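Report on one structure; see the data block that follows.
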Amino acid sequence: MKNEIIGNRYRYIIDTSYGINKDGFIAIGTESVVYKGLKTELNGGLQFSCVLKFKPKYVLVDGKVVNRLEIFKNEEWKIFEELRECRSIVKIEDVIDDLGDFSLPCDKVAGGVINGHSYFCVVEEFIDGWSLEEFCRDEYWKLRKIVPLDNGLNDIVSYHDFSSTEKEEIHFSYNYDNILKYQDQILRFMIDLCEIMEFVTEEKNILHLDIKPENIMVTRYGKELVLIDFGRAKKITKANRFVKSPLSDVNYNDNETVDRMYQYGTLGYAAPECYSKAAEDSKFPFTVNFEQGKMSVESDIFSFGATFWECLNIFELVTKNKLFSDDIHEFYRKNFLNDDAYCDRDLSCTSAYYHKKLEAIIKRCTRRRTPNYCDLDNKDYYHSYKDLKKDLEDARDSAPTIVKEENPKVKNAFSWCGRMLALFSAFLIIYFIFRIMAFNIAENKWEILTSNYNETQFYKLEEVAKSLITTAPAGRVDEIYDKIADFTYKDGYISEYEAALLVSLLQRINNNDLLPERIDEIMINADTRKFKEISAEIIKLEGGEESAGYELAKAIFNVEVGKTDITKAYETLMKYKNNVELRNAVIKLKNTLDNDKNINIITKETGLNRHEIREQFEEIAEKGAEE
Amino acid sequence: MKKLLEKYLIVKYILTSYAKTLLISLAVLAAVFAVLKFTGWYAGIESALDLQYNSPLILVPLYGFAVLAVLCFFVGFLIYFYKYKRPKIKTRFYKVFSSILGEK
């Protein structure tokens, strides 16, 4: 009895430094026992890691003996060879039909020993990492741990055997940040697997038909996915995208056995159409409104959805159900073999932090079958990995990111903020350019306007004049006012509108030194027919009270509009009766006061008699006539 | 500077889009102004639109963009601090699966 296998180029031994029990054991499947091996070239040299998959040469399927080695060589190996160019699919390095006198005690197989009599060996490349299931449960959420024992071996402790402190820690870690990180990782895995499956199905026309977390490896370094176990894979063609399940009818009342499986693939992940027809009096677990045994790309997509549904629910599945921790297959068999639990899976029992688009994808992948579910026009189902990948990328871009700043919505909002600021700055620059250029522009407009001015353009003149005064450099304001005033005085007496314009300019200039003089100017040039209105404008000016023009304007306004301060107005008239420049205003005031009612008031308040007052009025009128 | 921007991504987003947009908008405005000036249409447009520093054509966009910038900044921070939660609906699957999870 030897402990080594001789291949074509290498000799292989079991790596007894690997595994919980240091026996090199990795896993056991329905049709193989997997060990970690070490290979050395026949003529010596370095040792490299590999995987040794021991498969029985003959298996019992549906009560018939099947030559597994022959099937492997004719089908599975050919599929592997076709997929060799894809680095995300595990590679077969060698197939050893004759194990010679190799013998390996193994309590997990019938007979307790693996030897050349019953088994052949498939040598695969070793993927250093975890299965997707291990990654999610053990590596990410730490829901299972390996504890070293005194005898040098290890023991696996699952969540339900953790201490309460450990459980608290685990639940504490199930928070927003960690869930977002996990979602990001799962979305990356989903997109990666989609790309792998796109290559397998759409380029190579192969259906995997056994997608599940155990058959997806995650590399330790780089977290890349590698798809393994093509034991159920089938070739399809572009024209015929379906393959019929080779399984015969099963009795669902009987327990599932290795040689009589309920489904083609794995229970819990295989699509409803992969389940065998119900035999005898047993009941098919799902509503039959689809063609049973007709497997297609939609079946793989269902398994894809079921796989990642499990990944996204792993925390609840492990922490809230002991059976799942102990025996996943039994958990699915006991709870999931009905329409409501098996199809239309969603994330309603797991964290609300997972994105709704991700949930929609899972739901669409695992959608309940309808008679036309394979119809390519039926958009309720995914029919290609291209569409699935597109939705996954959309979900990835919509989901909140771990680093909040990397959230596309945050990025967009702040980018738009930058754009708006830039446009604000551009208009600010334009504003300042116009502000600097405003005086020149206004002067230019003034020249154009005054060169060909008529009275209908007054509104424009007012606007330009105001803008000239507002934008004029501090040292030139008075000069500009004089220019505007001269223009208005140029063609004779000014109207009430022109007076209002000049008053508003004077209010803007606010120069108290020159104000009295300018008020006088307005009163000198005022249209005699519009004294009332012009006076009303002038009295709006504050600080001009000292000027003769202002006093006369106020007196005229008070007598004519307010009918008050008659005596005061008479006193103002007497004060300025000899003022030659303001003669028009003086005469206007005299005329305003010259009536019986006003004279009576003046006589009453000053003690003068009517005759004296009349004489004064006549004297003023004469002076006016003389001038 | 580059390291600093990498550290403060939000500042980077604002500054990069600010610089790009400012350059593009100024270039466009300069080009439009140059064309209008060259063709002699500018004076007519300036007079017709009464273009000056305090005309609505300048002030409305000026204040408008300032308000929008503040709004975008505010919205950005709201999203930044927002914790996403998917609306939960009690589906048929929920009823079945929650009872399965209840069986400890």
Practice problem: Could you let me know the centre-to-centre spacing of the stretch A:399-460 and the stretch A:557-615, using Cα atoms, in angstrom? | Solution: 57 Å
Quiz item: Which of A:16, A:131, A:509 sits farthest toward the positive end of the charge dipole of chain A, with +1 on the Cβ of Lys and Arg and -1 on the Cβ of Asp and Glu?
Solution: A:16
Self-check item: Vicinal HN-Hα couplings computed from phi for the stretch A:481-488 (Karplus, 6.51 cos²θ - 1.76 cosθ + 1.60; Hz; Gly/Pro x)
Solution: 4, 4, 4, 5, 4, 4, 5, 6
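Rounded to the nearest 0.05, what FRET efficiency do residue B:67 and residue A:403 give with R0 = 25 Å and r taken as the Cβ-Cβ distance? Could you check? Can you show the working numbers first?
Working: r = 29 Å, r/R0 = 1.18.
The calculated FRET efficiency here is 0.25.
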Quiz item: What spacing in nm lies between the two simple spin-label points modelled at residue B:31 and residue A:491, each 7 Å away from Cα in the Cβ direction?
Solution: 4.7 nm
Exercise. Using a 10 Å cut-off on Cβ atoms, rank the peptides A:313-320, A:195-202, A:244-251 from the highest mean neighbour count down.
Key: A:313-320, A:195-202, A:244-251
Quiz item: Nearest 20 debye, what's the magnitude of the dipole of the stretch A:174-401 about its Cα centre given +1 on Lys and Arg Cβ and -1 on Asp and Glu Cβ?
Solution: 260 debye
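Grab the eigenvalues of the alpha-carbon gyration tensor for the protein assembly as shown, scale each by 5, take roots, and send me the semi-axes largest first in whole angstrom. Provide the component values of the computation, followed by the final result.
Numbers: eigenvalues 2058, 141, 112 Å².
So the three semi-axes of the protein assembly as shown are 101, 27, 24 Å.
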Quiz item: Residues of the stretch A:463-506 with amide nitrogen under 20 Å from the 7 Å Cα-to-Cβ point of residue A:456?
Solution: A:463-464, A:495, A:497-498
Practice problem: Calculate the mean, over all residues of peptide A:348-361, of how many other protein chain Cβ atoms lie within 10 angstrom of the residue's Cβ. | Solution: 4
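What does the average come to when, for each residue of peptide A:439-449, you count the partner chain Cβ atoms lying within 10 Å of its Cβ? Could the numbers behind the result be given before it?
Details: counts 0, 0, 5, 1, 0, 3, 4, 0, 0, 2, 0.
Partner Cβ neighbours, averaged per residue: 1.
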Quiz item: Using mean Cβ contacts within 10 Å as the protection proxy, how do A:335-345, A:407-417 order, highest first?
Solution: A:407-417, A:335-345
Quiz item: Can you give the calculated 222 nm mean residue ellipticity of chain B, where each DSSP H run of n ≥ 4 adds -39,500 (n - 2.57) and the sum is split over every residue, rounded to the nearest 500 deg cm²/dmol?
Solution: -26000 deg cm²/dmol
Quiz item: Under the Karplus relation 6.51 cos²θ - 1.76 cosθ + 1.60, θ = phi - 60°, what is the ordered set of whole-Hz ³J(HN,Hα) values for the stretch B:87-98, x standing for Gly and Pro?
Solution: x, 9, 10, 7, 7, 5, 5, 4, 4, 6, 5, 5
Quiz item: For the stretch A:414-494, how big is Rg over Rh, using alpha carbon atoms and the Kirkwood form of Rh?
Solution: 1.20
Exercise. May I ask you to evaluate 6.51 cos²θ - 1.76 cosθ + 1.60, the Karplus curve with θ = phi - 60°, for each residue of the stretch A:523-530 and list the ³J(HN,Hα) values in order in whole Hz, giving x for glycine and proline?
Key: 5, 5, 8, 5, 5, 4, 6, 10
Quiz prompt | Cβ-Cβ FRET estimate between residue A:108 and residue A:352, R0 fixed at 45 Å, reported to 0.05 | solution = 0.65
Quiz item: Counting DSSP beta bridges in chain A, what percent are antiparallel, to the nearest 5?
Solution: 95 percent
Quiz prompt | Fewest-first sequence of A:437, A:420 by Cβ atoms within 10 Å of each Cβ | solution = A:437, A:420
Quiz item: What nm value, rounded to one decimal, do you get for the distance between residue B:3 and residue A:608 when each label is placed 7 Å out toward the C-beta?
Solution: 9.3 nm
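For the stretch A:174-401, what is the percent of antiparallel DSSP beta bridges, rounded to the nearest 5?
If I count the DSSP bridges inside the stretch A:174-401, around 90 percent turn out antiparallel.
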Quiz prompt | Residue pairs, from the table A:91/A:390; A:357/B:95; A:36/A:78; A:483/A:540; A:181/B:88, whose Cα atoms sit over 26 Å apart | solution = A:91/A:390
Self-check item: Translational D in µm²/s for the stretch A:469-582 (Stokes-Einstein at 10 °C, 1.306 mPa s, Kirkwood Rh from C-alpha pairs)
Solution: 110 µm²/s
Exercise. Could you work out the local net charge near residue A:534, counting Lys and Arg as +1, Asp and Glu as -1, over the other residues with Cβ closer than 13 Å to its Cβ?
Key: -2
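Every number in this text was worked out from the coordinates using simple rules, so none of it is lab data. Predicted model only: the values in this text are computed from it and were never measured. All Cβ positions, even for glycine, are placed from backbone atoms using ideal geometry, and neighbour counts span all protein chains on display.
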